[in-house]
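Below is one structure; the comments refer to it alone.
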Amino acid sequence: MTETGLSALIVAHNEEKRLADCLERLAFADEIVVVLDKCSDRSKEIAAGFTDRLVEGAWEIEADRRHAGIEACLGPWILEVDADEWVEPSLAEEIRRVIAASDADWHLVPVDNYVGNRLVRYGWGASFGRSACAALFRKGVKTYGQQRVHPALELKGLEGERLENRLHHNVDSNISAMIRRLDSYTSAHAKDLRSTGDIGSFGHNVRRIFSRFWKCFVARRGYREGAFGFLIALMAGLYPILSYLKARLEEE
């Protein structure tokens, strides 16, 4: 593969409903690598229709499955997307232009987050949607931490210019799905807290309800989204206290 070769990397767990929509938009890459993590649905069958570069396994920690995918990529450049994300033609064209000329090691890609058909651009925190992500990088640059949810990210080398075109992220189909995600994420984070031996304090996490709400609703301009912005800020505020209470009160 050439110096400007591009591997598209997708990590999937039971994504039969969304995987084809993601993969069909990645034909511009030189190869597609799909990591299949504990899949019991038709994800493997669907992925095989687009690529023979499949990595199967069962990983407890998100970093381990993502590192397995990165290692399997043959290209010097990697575009890492999730099954609920779409690369539109304008972004695909920009990515090819950037890697052909870039001296940098990684680039931020701006993200448009959708709940159902509703574009919600403001107010997001790392708990659910992202305003931008380091999706485009050279192999060997990106390393994930060992947390079960929202693993810490280490990026080496030189940051390049932020791309202009946006990645389309289908966050959830509706509000009920967002609430289910909050439940799932806080359960996983509770395990991380227990494993550290320091789950924090009740008072500190109560205070974070207000500080995180303010950060999302005011600093990140969630107020511009009206009720959706309020909902996102509320969930961001509840995330730490729910994780703490699960770590403290529930049996592992």
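Restricting attention to segment 57-104, report how many residues are surrounded by 16 or more Cβ atoms within 10 Å (Cβ to Cβ) and among the small types (Gly, Ala, Ser).
Selection size over segment 57-104: 9.
Using the structure shown, decide if residue 237 is assigned to a helix (DSSP H, G or I), in contact with a helix residue (DSSP H, G or I) (Cβ under 9 Å, 6 or more places away or on another chain) and touching a residue at least 40 places away in the same chain (Cβ under 8 Å).
No: the conditions fail for residue 237.
Given the criterion among the polar types (S, T, N, Q) and buried (at least 17 other Cβ atoms within 10 Å of the Cβ), identify the matching residue among 186, 196.
Details: 196 fails: buried (at least 17 other Cβ atoms within 10 Å of the Cβ).
Exactly one of 186, 196 is among the polar types (S, T, N, Q) and buried (at least 17 other Cβ atoms within 10 Å of the Cβ), namely 186.
Need the failing condition index for residue 205 against (1) buried (at least 17 other Cβ atoms within 10 Å of the Cβ); (2) of a type outside the set (Lys, Arg); (3) assigned to a loop (DSSP other than H, G, I, E, B); (4) assigned by TED's automatic domain parsing to the domain that holds residue 235, just the number.
Checking residue 205 against (1) buried (at least 17 other Cβ atoms within 10 Å of the Cβ); (2) of a type outside the set (Lys, Arg); (3) assigned to a loop (DSSP other than H, G, I, E, B); (4) assigned by TED's automatic domain parsing to the domain that holds residue 235, the one that fails is (3).
Using the structure shown, decide if residue 116 is on the phi > 0 side of the Ramachandran plot and either surrounded by fewer than 19 Cβ atoms within 10 Å (Cβ to Cβ) or in contact (Cβ under 8 Å) with a residue 40 or more places away in the chain (or both).
On the way: on the phi > 0 side of the Ramachandran plot: yes; either surrounded by fewer than 19 Cβ atoms within 10 Å (Cβ to Cβ) or in contact (Cβ under 8 Å) with a residue 40 or more places away in the chain (or both): yes.
Yes; evaluated as a whole, the condition is true for this residue.
Against the condition closer than 30 Å to residue 223 by Cβ, in contact (Cβ under 8 Å) with a residue 12 or more places away in the chain and not charged (D, E, K, R), how does residue 129 come out, does it pass? Outline the logic, then answer.
On the way: closer than 30 Å to residue 223 by Cβ: yes; in contact (Cβ under 8 Å) with a residue 12 or more places away in the chain: yes; not charged (D, E, K, R): yes.
Yes: the conditions hold for residue 129.
Assuming residue 36 fulfils every condition listed in (1) within 17 Å of the chain's Cα centre (by Cα); (2) under 25 Å from residue 97 (Cα atoms) apart from one, which condition is it?
Just one mismatch for residue 36, condition (2).
Would you tally the residues in segment 122-140 being farther than 16 Å from residue 162 by Cβ and either among the aromatic types (Phe, Trp, Tyr) or in a loop (DSSP other than H, G, I, E, B) (or both)?
10
With respect to the numbered conditions (1) of a type in the set (Gly, Ala, Ser); (2) within 23 Å of residue 15 (Cβ to Cβ); (3) touching a strand residue (DSSP E or B) at 6+ places or on another chain (Cβ under 7 Å), which one is the sole condition not fulfilled by residue 184?
(3)
The values are calculated or read from the model by the stated rules, or taken from the named source; none is laboratory data. Please read all numbers here as calculations on a predicted model, not as lab measurements. So basically every Cβ, Gly included, is an ideal-geometry build from the backbone, and we count neighbours across all protein chains shown.
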